[in-house]
Each structure stands twice: as C-alpha cells, then as structure tokens.
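Engineer: I have a structure I would like to understand better, so I am pasting it below and will then ask my questions one at a time.
The values are calculated or read from the model by the stated rules, or taken from the named source; none is laboratory data. Predicted, not measured: the structure shown is a model, and the values here were computed from it. Reconstructed Cβ throughout: ideal geometry from the backbone, glycine too, with neighbour counts over all protein chains shown. Heads up: the accessible areas ignore ligands, DNA and RNA and are worked out on the full protein's heavy atoms, side chains in. Shrake-Rupley method; radii C 1.70, N 1.55, O 1.52, S 1.80 Å.
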Amino acid sequence: AGGGGNVSTNGQDLDDGADEQAALAATMAAVNAQLERACSDVRVLRMERVTNSFCAHTSCSSREYEYLIPAYCLRPPHGTVLEDVQEGVVEASDAELAASGPASGESGSLGAQGREVSEERRASLGRGDADPLDEAEIARVNEALATMEGTHYFHNFTDTKGAIGAKDKAAQRFIISARTGAQRYMGGVAYVSLLYHGQSFMLHQIRKMTTMIAAAVSGALDAPDGGSLSTGLAMSAVATPIAGAEGAASPDGGISEERASPRSISATSRAAVAQALSATRVPPIPKAPSCALVLRRCWYRQYESRKPEGRASIGFAEAEEDRAAFIEASVLPHIVESEREGQFRIMQRDVARYGVSWRRVLRNEKGGGETEGS
C-alpha cells in the first residue's frame, strides 16, 4: 500500500521566477488528471523543483515504514487456529478463517469511533481480541522491536534468487529505530502501529520482521511441545486503563477484558530473534500480509543541507494533512477489508506453525542433531 511522501522527477524544464509555482501546479494537475483516468488510488499531493542531479532513490538518506497490525496477532492464538496447529494439521480452510473477519469497515482513532462490535463478532474474535494492547503488552512489543535496532544481517528476513550468506554485506542493514505508534480502531478491531525507520530495507524484510515480532510477543516461540501455545504468556483479568490515540482514556475508562501480562519477552524469544539475525539459516520466516505496510516518509538530509538557496524543502510538511486524508480514504479501508477476508487470521496460523518449527530446531540442537540453523 502506498501513502508515503515519495519524491519523483518528471524531467520537465520549468521557468525560473514568479511563474515557477504556477508551472508546478499546472504540471501536478495534468499528472493527476491522467491518474484519475487510469486508477483511483494514486495521487500527486505536492511538487517541488529540485537540482538536475537529484535522484529520489539514491539521494534518500532514510525511510520510515508503518505496519498496522491487529492487536490479536500480538497475543496467543486460540480456537480453531490454536487447535489445528497443536494437532499438526490445518483443518480450517482459508474460507473458514475468513469467516472470523469483521463485519464493519468503520475506522477511527482509539475511542468511540470504530469501537462498536457485535456480541457475535466479539465471540468469533475470542476473549479480548477486539481490545487494544495494555501498557505491559506495549512494553513487550517495544522490547521485541528494540532487538531489531542497529546494524544486523537480515539474510533470513528476505527472499532472493541467489544465496546470501550470514555475513554477506549485501544483507547488512542499519535500523535507526523500531517502536510502536498509536493504536486505533478500524472495523471493530484494535490495531497497533509498528514504526520501522532505517537507511534502507531488503525485499519483504519488514513483513518478515513483523512476523518475527508477533512470534516473540505472542509466546509462539515459548510453548513446550505438546503443551498449549497460550502457556507462553500469563493472562488474567486485571483492569488497566488504556489511553486513546491522542492520550485520552477510552470511553469506558479501559478495555472490556483487560489482561495483566509480562512486560518483557522471554529469554527464549530474545535468543530466537538473535539467532535469526546471525545464524546462516533458520526455519523460513513467513511474511505478514502486504496490505498493512505503508511508506510514511523519506528523508533527504544531504540534499536538504546542500540545496541551492531559494529551493524549497522536499520534506513536504505542508502536504501532511492531505497525505493523512488520502491514507484514511484509500489505504485504511483496504486493510480493514483484508482483515475481513481473514488475511491476519492466516498470519496467526502461520506464526503458530512457525513456533512449532522453531521448537523443532531447539529440540534438534539439544539432541545434537543437524539443525536448520547450522
């Protein structure tokens, strides 16, 4: 999904002077007119003139992506998903998984809008799945995200045609920050914003990072063989008020079935993430659904510091309101529809199954056998 502040050049020569802004506006209108005839989900929001040597791709110093993930994907699975994985089979078809999706396309910040969900829908979601993460759960997610920060080899977090080794420079990436953002309701489901800021990213890297984070915080990597996956986390009904997207308490002063949960991921999960960032090979990490990944912003620090006097910034801060409105109208409904179709239920199943594969690796290591990470 798009929506980020991408910068592009069109190769046109624009006259200097007072007519430049008018020429830019005319060019943008002409481009958008063509886009309206071709598609409804691509728009140019702002244009600025840059130097002739500028390249939007190679001049970019860093990028920030957002992944909007349902809160239930960061909790232990339950019901059909849990039973099927523990039995080692997947009896539920994708259509059956899709049947558990929301019936509403409403969205909104963490508050009254989008909060309403029928009792039938809540029952299909399971205990507390329509609720946002509490403070302890957010702390655990942020701890897991922090393990990705810094310089690492992400060879296990991409799909490439050629073999990339554990110490191949082509797989090395620097993650400036990884953290949670605001939570919000969409279609009766609470979503958590995961923000990834890095110099550059490999193919599918963020989607696989998101799956690994979900596996670490949901307890999928911790459950003992033959035991319940939900034993990886301690859950109880202790009320904890939850702040809204703008820092205000949610309308009912909390969530309906709050959970008191550990603030830290387990040592097993931390070790699993570290191994995925260092081992030559680990069990293939599933990809999180592509529908929820949005490019938020690109930085051009070197260009900004060296641009000629009189050239406007290409940070496009003045376009932020239009950008947010575009995402609200064109991107978020697509995420809600994808959740309704069951894509994130399938992700839950994949995360749980990945936990089974990972524990098999650990069992082989303890037994002295060959591992997938060797």
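Engineer: Are any of the residues in the range 88-95 outside any strand (DSSP E or B) and either modelled with pLDDT of 50 or more or on the phi > 0 side of the Ramachandran plot (or both)?
Structural biologist: There is at least one residue in the range 88-95 that is outside any strand (DSSP E or B) and either modelled with pLDDT of 50 or more or on the phi > 0 side of the Ramachandran plot (or both).
Here is a yes/no grid of residues against (1) more than 23 Å from E20 (Cβ to Cβ); (2) buried (at least 18 other Cβ atoms within 10 Å of the Cβ):
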position: Y300; (1), (2): no, yes
position: R306; (1), (2): no, no
position: A317; (1), (2): no, no
position: A329; (1), (2): yes, no
position: L332; (1), (2): yes, yes
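Engineer: Evaluate the range 3-19: report whether one residue or more is modelled with pLDDT under 85, open to solvent by less than 40 Å² (accessible area, probe 1.4 Å), over 27 Å from V192 (Cα atoms) and not β-branched (V, I, T).
Structural biologist: Yes, there is a match, as at least one residue in the range 3-19 is modelled with pLDDT under 85, open to solvent by less than 40 Å² (accessible area, probe 1.4 Å), over 27 Å from V192 (Cα atoms) and not β-branched (V, I, T).
Engineer: Can you report the number of residues in the range 142-175 which are out of contact with any Phe, Trp or Tyr (no Cβ under 9 Å at 6 or more places or on another chain), in a strand (DSSP E or B) and surrounded by fewer than 17 Cβ atoms within 10 Å (Cβ to Cβ)?
Structural biologist: Final tally of qualifying residues: 1.
Engineer: Report the residue count in the range 142-189 for those that are of a type in the set (D, E, K, R), within 20 Å of A215 (Cα to Cα) and at pLDDT 95 or above. Spell out how you get there, then give the answer.
Structural biologist: Within the range 142-189, the first condition is being of a type in the set (D, E, K, R), and the residues that meet it are 143, 149, 159, 161, 167-169, 173, 179, 184.
In the following step, the residues that additionally are within 20 Å of A215 (Cα to Cα) were identified as 143, 149, 159, 179.
Filter once more, keeping what is at pLDDT 95 or above: 143, 149, 179.
Total satisfying the criteria: 3.
Engineer: Identify the residue in the range 279-298 that is small (G, A, S) and farther than 19 Å from R359 by Cβ and, among all such residues, is most open to solvent (accessible area, probe 1.4 Å). Please lay out each step first, then the result.
Structural biologist: Taking the range 279-298 as the starting set, the residues that turn out to be small (G, A, S) are 279, 288, 290, 292.
From what is left, the residues that are farther than 19 Å from R359 by Cβ are 288, 290, 292.
Values: A288: 0, S290: 63, A292: 1 Å².
Among residues in the range 279-298 that are small (G, A, S) and farther than 19 Å from R359 by Cβ, the one most open to solvent (accessible area, probe 1.4 Å) is S290.
Engineer: Within the set of pairs 6 or more residues apart or between chains, which connect a residue that is under 19 Å from Y185 (Cβ atoms) and hydroxyl-bearing (S, T, Y) inside the range 311-335 to a residue that is modelled with pLDDT under 95 and open to solvent by 70 Å² or more (accessible area, probe 1.4 Å) with Cβ atoms less than 6 Å apart?
Structural biologist: Hits for this filter: S330/D41.
Engineer: Then there's this: So which residues in the range 149-201 are aliphatic (A, V, I, L, M) and under 30 Å from E341 (Cα atoms), if there are any at all? Outline the logic, then answer.
Structural biologist: Keep residues of the range 149-201 that are aliphatic (A, V, I, L, M), which gives 163-164, 166, 170-171, 175-176, 178, 182, 186, 189-190, 192, 194-195.
A178, A182, M186, V189, A190, V192, L194, L195 - these are the residues of the range 149-201 that are aliphatic (A, V, I, L, M) and under 30 Å from E341 (Cα atoms).
Engineer: Please count how many residues of the range 181-213 are touching a strand residue (DSSP E or B) at 6+ places or on another chain (Cβ under 7 Å) and outside any helix (DSSP H, G or I).
Structural biologist: Counting residues in the range 181-213 that are touching a strand residue (DSSP E or B) at 6+ places or on another chain (Cβ under 7 Å) and outside any helix (DSSP H, G or I) gives 21.
Engineer: A follow-up question, please. Take G342 and decide whether it is within 19 Å of R207 (Cα to Cα) and open to solvent by less than 50 Å² (accessible area, probe 1.4 Å). Spell out how you get there, then give the answer.
Structural biologist: Values: within 19 Å of R207 (Cα to Cα): yes; open to solvent by less than 50 Å² (accessible area, probe 1.4 Å): yes.
Considered against the rule, which asks whether it is within 19 Å of R207 (Cα to Cα) and open to solvent by less than 50 Å² (accessible area, probe 1.4 Å), G342 comes out as yes.
Engineer: Filter the range 30-50 down to residues that are surrounded by 12 or more Cβ atoms within 10 Å (Cβ to Cβ), touching a helix residue (DSSP H, G or I) at 6+ places or on another chain (Cβ under 9 Å) and more than 18 Å from E318 (Cα to Cα), then give me how many there are.
Structural biologist: Matching residues across the range 30-50 total 2.
Engineer: Something else about it: Report whether or not D131 is open to solvent by 50 Å² or more (accessible area, probe 1.4 Å), in a loop (DSSP other than H, G, I, E, B) and of a type outside the set (V, I, T). Spell out how you get there, then give the answer.
Structural biologist: Values: open to solvent by 50 Å² or more (accessible area, probe 1.4 Å): no; in a loop (DSSP other than H, G, I, E, B): yes; of a type outside the set (V, I, T): yes.
Criteria not met by D131.
Engineer: Does at least one position in the range 194-216 carry a residue that is modelled with pLDDT under 90, among the hydrophobic types (A, V, I, L, M, F, W, C) and open to solvent by 40 Å² or more (accessible area, probe 1.4 Å)?
Structural biologist: To start, the set of residues in the range 194-216 that are modelled with pLDDT under 90 comprises none.
Looking through the range 194-216, none of the residues is modelled with pLDDT under 90, among the hydrophobic types (A, V, I, L, M, F, W, C) and open to solvent by 40 Å² or more (accessible area, probe 1.4 Å).
Engineer: Under 7 Å between Cβ atoms, which residue pairs at least 6 apart in sequence (or on different chains) link something in the range 168-181 that is touching a residue at least 24 places away in the same chain (Cβ under 8 Å) with a partner that is open to solvent by less than 50 Å² (accessible area, probe 1.4 Å) and charged (D, E, K, R)?
Structural biologist: Pairs that qualify, where the first residue is touching a residue at least 24 places away in the same chain (Cβ under 8 Å) and the partner is open to solvent by less than 50 Å² (accessible area, probe 1.4 Å) and charged (D, E, K, R), are G181/E66.
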